[in-house]
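Written below as structure tokens is the structure these notes are about.
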Amino acid sequence: MEYNELTPEERLLLVGLLEMVVAADQTLSQQEDSELKRIAAQVGEEAFKAAIEVADERFKGAEEIRQLALSIQRVEARELIFTAIQEVAVSDEVTIEEMQLVNWLADLWDL
């Protein structure tokens, strides 16, 4: 599965989780920025930006993201989203908060 094959809801979750992983250490490192740009290019710049706008309006906290994550059923989408989150988290020095997010998602989806 490729990033541009994600449904709008799956893209929305991807963006929400990416925002969470970047916010986990309260900085956007150069490595994280490079990973985000790579993912955005593969999703499609316009679709990625649109998902960011929706995420910023829709997600008020982690619970909304968790509820959306529970609704994603396609295993291929789950694996792709998880891989993206993990790659951004490990692209620079991994913090405890980033690993907690990665582990939470792995547990939630039994990955």
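Please determine, by comparing only the residues of the stretch 67-78 that are surrounded by 14 or more Cβ atoms within 10 Å (Cβ to Cβ) and farther than 14 Å from Tyr3 by Cβ, which one is nearest to the chain's Cα centre (by Cα). Before you say what the answer is, go through the steps one by one.
So the first thing to find is which residues in the stretch 67-78 are surrounded by 14 or more Cβ atoms within 10 Å (Cβ to Cβ), and the list is 68-69, 72, 74, 77-78.
Next cut, farther than 14 Å from Tyr3 by Cβ only: 68-69, 72.
On the way: Leu68: 12, Ala69: 10, Ile72: 13 Å.
My answer is Ala69.
Exactly one of these conditions fails for Ser34: (1) open to solvent by 80 Å² or more (accessible area, probe 1.4 Å); (2) more than 14 Å from the chain's Cα centre (by Cα). Give me its number.
(1)
Within the stretch 43-62, can one find any residue that is open to solvent by less than 30 Å² (accessible area, probe 1.4 Å) and among the charged types (D, E, K, R)?
No - not one qualifying residue is present in the stretch 43-62.
If you check every pair at least six apart or on different chains, which have Cβ atoms under 8 Å apart with a residue in the stretch 67-80 that is without any contact (Cβ under 8 Å) to a residue 40 or more places away in the chain and more than 12 Å from Arg11 (Cβ to Cβ) first and a residue that is among the hydrophobic types (A, V, I, L, M, F, W, C) and open to solvent by 30 Å² or more (accessible area, probe 1.4 Å) second?
Between residues of the stretch 67-80 that are without any contact (Cβ under 8 Å) to a residue 40 or more places away in the chain and more than 12 Å from Arg11 (Cβ to Cβ) and residues that are among the hydrophobic types (A, V, I, L, M, F, W, C) and open to solvent by 30 Å² or more (accessible area, probe 1.4 Å), the close pairs are Leu70/Leu108; Arg78/Leu111.
Mind checking which residues of the stretch 1-36 are among the polar types (S, T, N, Q) and closer than 22 Å to Val75 by Cα?
Asn4, Thr7, listed by residue number.
Only one of (1) part of a helix (DSSP H, G or I); (2) open to solvent by 50 Å² or more (accessible area, probe 1.4 Å) is not met by Glu93, so which one is it?
Tallying (1) part of a helix (DSSP H, G or I); (2) open to solvent by 50 Å² or more (accessible area, probe 1.4 Å), Glu93 fails exactly one: (1).
Is it the case that some residue within the stretch 40-48 is more than 16 Å from Glu98 (Cβ to Cβ) and polar (S, T, N, Q)? Walk me through how you get there before you give the answer.
Here is the first cut: in the stretch 40-48, the ones more than 16 Å from Glu98 (Cβ to Cβ) are 40-48.
Next, from what is left, pick out any that are polar (S, T, N, Q): 42.
Taking every residue of the stretch 40-48 in turn, at least one turns out to be more than 16 Å from Glu98 (Cβ to Cβ) and polar (S, T, N, Q).
So Ser29 clears everything in (1) surrounded by fewer than 16 Cβ atoms within 10 Å (Cβ to Cβ); (2) closer than 22 Å to Leu111 by Cα; (3) not charged (D, E, K, R) except one condition, right? Which one?
(2)
Which of (1) under 21 Å from Leu105 (Cα atoms); (2) touching a residue at least 12 places away in the same chain (Cβ under 8 Å) does Gly61 not meet, given it meets every other one?
Unmet condition: (2).
The values are calculated or read from the model by the stated rules, or taken from the named source; none is laboratory data. As the structure is a prediction and not an experimental result, all values here were calculated from the model. Note that each Cβ is placed from the backbone with ideal geometry, even for glycine, and that neighbours are counted across all protein chains shown. Ligands, DNA and RNA are stripped out before the accessible areas are found, and what is left, the full protein with its side chains, is counted by its heavy atoms. Shrake-Rupley method; radii C 1.70, N 1.55, O 1.52, S 1.80 Å.
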